[in-house]
Amino acid sequence: MEANGGGGGLPNGVGGHALPNGVGDHAPADHALANGALANHALPNGALANGGGHALANGAVENGGAHVLANGVVPAQAVATADVLYPVFLRLPVQEIARCRRICRLWRDITDTFDFRRDHQRHSCRTLMPLVFYQEPGGRWHLRAVDTLDDVPLPRPVFRFPLHNAPLKIHGSCAGILLLSFGSRLYACNPCTRRWARLPPLHVNHRIIGFYATGVYDGAGTGCYVLYDDGPEHDCVYWIFKVDTHAAARYIGRPVAGEGVVLDRVLANGIAPSYLIPPVHFLVYLCWLPRAAQGTSGILIFNTVAESFRLIPPPSFQVDGELFPVGVGSQLFVLHEHLAMTVISPTGAVDVWVRDDTTGLWSRPYRIGVPVDAVVNQGVFAVARDRSGLMQCPRILHTGDWFFLSMHTIQESLLLHPDILPLQETDAVDGDPPFFQNQ
């Protein structure tokens, strides 16, 4: 068993006992890539033909490590094999990476660098996965994620936590990091690396409305920020808190980018807390659906670079030269790198509207004729009326016992971010944080 994930790369990350529910704990080497994880990624020259510790040809991985010649030179075959394996490993989920690391030293070394962790996160197959709460019969709660690209999309364990009087709430997700509160405590946590941080209890006397990151792939240059409001009702102002060990909150007021009275009034009335209605991350923007209480049908946008708000028009139709909003949107999401919105018709059909970023015009390329209670998350997801299934039209993603589909998503990340998440799983004591207990 490798302490701290092996080598110097993934402390308390994907090696050893790092992943929840024993993923990778005791998997024999011959079965490390269970369920045919590499079945669809065949390598040339039968590189995986023999499996296990002898998976690579020409002795490159004999005796559990890269075969090194007497003069200390790694043979060209091993280098070539590493070059072949690298793009394959990039496509694997974190659970399978954990198993791969136990095969041999070469496989561990390939996955143990910052470059690999960065490339793994930015790979096109890393999708935003909806988060689902699931309760054991009469007992503990589970937080799970569903990868909609899986051939058989089953919920992946994120972590478990005890049923308690203090509810666990998700306030946001960015760069693979969750912002969570448990009663009066606030945490940032990466479930893949099991690193975390205690944060000031911003959620106790304020409303957290957004959680976002900058410089995600820059290592030490990454920053995670909490956007929250403060002040009396109808006179809210806004603050930004940077998640690190020495941060102080920064006041930004009500920056309206010169758009005047209507937007200022919307901001003064406050924005819904993100644990109830999370904003959608689109490029450098946080986007919120229109709400009846805000007195305008515009979609609220926060520019995380300029740190200012603005309103953009929603989808509309024209009658006698006059534009009317198409209806109350039920969901914002990103579709093919464009901002999109769903609108549920009275008949239960779901209209999907897509915005052209250049012209600012909306079109309706899709209509889905499935009756649902609500459409949620960063794609067209629906909870069946009896709450027995989670659907992404036209297929069922998960069926089974009672569960709750949260409004949040997560993207897997192996990046460590030690400045943002300085604590490891071993630093969890006395139920703090609760989501690392008895995993």
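The values are calculated or read from the model by the stated rules, or taken from the named source; none is laboratory data. Quantities reported herein were computed from a predicted structural model and do not represent experimental measurements. No Cβ is skipped: glycine too gets one built from the backbone with ideal geometry, and neighbour counts run over all protein chains shown. These area figures cover heavy atoms from the full protein model, side chains too; ligands, DNA and RNA do not enter into them. Shrake-Rupley method; radii C 1.70, N 1.55, O 1.52, S 1.80 Å.
Of note:
Table: residues versus (1) of a type in the set (A, V, I, L, M, F, W, C); (2) free of Cβ contacts under 8 Å to residues at least 24 places away in the same chain.
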residue: 225; (1), (2): no, no
residue: 231; (1), (2): no, yes
residue: 242; (1), (2): no, yes
residue: 248; (1), (2): yes, yes
residue: 252; (1), (2): yes, no
residue: 256; (1), (2): yes, no
residue: 261; (1), (2): yes, yes
residue: 267; (1), (2): yes, no
residue: 273; (1), (2): no, no
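- If you go through segment 177-204 and keep only what is touching a residue at least 24 places away in the same chain (Cβ under 8 Å) and open to solvent by 30 Å² or more (accessible area, probe 1.4 Å), you end up with 185, 198, 200, 203.
- The one condition in (1) surrounded by 14 or more Cβ atoms within 10 Å (Cβ to Cβ); (2) farther than 30 Å from residue 110 by Cα; (3) at pLDDT 85 or above that residue 350 fails to fulfil: (3)
- Yes/no for residue 177 being in contact with a Cys (Cβ under 7 Å, 6 or more places away or on another chain), hydrophobic (A, V, I, L, M, F, W, C), at pLDDT 90 or above and under 22 Å from residue 285 (Cα atoms): yes
- For the criterion of being modelled with pLDDT of 80 or more, open to solvent by less than 70 Å² (accessible area, probe 1.4 Å), within 29 Å of residue 137 (Cα to Cα) and not acidic (Asp, Glu), residue 410 passes.
- Total residues in segment 223-262, condition surrounded by 19 or more Cβ atoms within 10 Å (Cβ to Cβ), in contact with a Lys or Arg (Cβ under 7 Å, 6 or more places away or on another chain) and not in a strand (DSSP E or B): 0
- The single condition among (1) crowded, with 17+ Cβ neighbours inside 10 Å; (2) at pLDDT 85 or above; (3) of a type in the set (A, V, I, L, M, F, W, C) that residue 146 does not satisfy is (2).
- Flag for residue 84 being open to solvent by 20 Å² or more (accessible area, probe 1.4 Å), farther than 28 Å from residue 169 by Cβ and at pLDDT below 80: no
- Residue 216 being modelled with pLDDT of 85 or more and either crowded, with 16+ Cβ neighbours inside 10 Å or not hydrophobic (A, V, I, L, M, F, W, C) (or both): no
- Residues that are touching a Cys at 6+ places or on another chain (Cβ under 8 Å), farther than 24 Å from residue 81 by Cβ and not polar (S, T, N, Q) occur at least once in segment 142-158.
- Answer residue from segment 305-334, given it is open to solvent by 60 Å² or more (accessible area, probe 1.4 Å) and charged (D, E, K, R) and is modelled with the highest pLDDT among those: 310
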